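Contents: one structure, followed by commentary.
None of the figures in this text is laboratory data; all of them are computed from the coordinates on show. Given the structure is predicted, the values throughout are model-derived calculations rather than measurements. No Cβ is skipped: glycine too gets one built from the backbone with ideal geometry, and neighbour counts run over all protein chains shown.
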Amino acid sequence: MRDPPGLLAAGGDLNPTRLLAAYERGVFPWYSAQQPILWWSPDPRMVLFPDEFAISRSLRKTLRNGPYSTRVDQAFGETIRECAAPRRSGPETWLNADMIDAYERLFALGFAHSIETYLGGQLVGGLYGLRLGNVFFGESMFSRANDSSKVAMARLVEECRARGIRLIDCQVASSHLASLGAREVSRSEFVALLRRHVRRDPSENWAQNPVSERPAAGDSARDDAR
């Protein structure tokens, strides 16, 4: 299990009301199957502002000419289970059956969403998270092909810009996220952003309510020469 600073509490349950109340306050569950439910609020917090999304030249080429296609809210269950699959670093996963069930309930209620990357009709990458108002709380991503998770992130940024989402919560810092333009902010700054932008209203199913006009992925993003 990852071990960032910011453990606040242990116990409780994963019912939708408790989960939504936690996310509204910048708190999320993160624990191993052998542990009680642990609730975290790291300080600092990794966030991505959609207009700061950084696209390398190689990723821009993949988005323009690559073999991938993306969809939203078409395969939430499959996406979260792929995120839960064992990684090369070891068999342990924090996404146990109770967590998967909890986020699938949030998807059914209109709060959770998935972004999926396909290659030849097969799901090869993706991510999922929660939308509360103008904040998207990213939870996990997976990749089974080169750049497939980055392609999903580019589609998420595109969706966020088109839907007025101002902030993507990335939770804990990583070099991968930093390479995409994410940066750390203090917990107090993060909570202030949530107070400004979070709402409890469920959002529409993105697949059933497509945005009428979307900018090409990355058109207004920072283009890094990497």
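Numbers for the structure displayed
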read-out: Kyte-Doolittle mean at least 0.0 and Cα axial length at least 30 Å: DSSP H helices in the chain; value: none
read-out: Peptides ranked, highest mean first, by Cβ atoms within 10 Å: ranges 42-51, 174-183; value: 42-51, 174-183
read-out: FRET efficiency for L14 and R57, using Cβ-Cβ distance with R0 set to 41 Å, rounded to 0.05; value: 0.50
read-out: Theoretical ellipticity at 222 nm over the chain - DSSP helices of four or more residues, -39500 (n - 2.57) apiece, nearest 500; value: -9500 deg cm²/dmol
read-out: Prolate/oblate/rounded call for the range 70-145, Cα gyration tensor, a/c under 1.5 rounded; value: oblate
read-out: 5 angstrom amide H check on Q171, placed H, neighbours 5+ away; value: M46
read-out: Sequence-distant residues sharing a close amide H with L7 (under 5 Å, placed H); value: S41
read-out: Hull-based mean projected area of the chain, where the convex hull spans the alpha carbons, in square nanometres; value: 11.7 nm²
read-out: Net length gained if the chain between A173 and Q34 were fully extended (0.36 nm per residue, minus Cα distance); value: 47.5 nm
read-out: Mean Cβ count within 10 Å, highest first, over the residues of peptides 79-86, 191-198; value: 79-86, 191-198
read-out: Antiparallel bridge percentage (DSSP; both residues within the chain; nearest 5); value: 85 percent
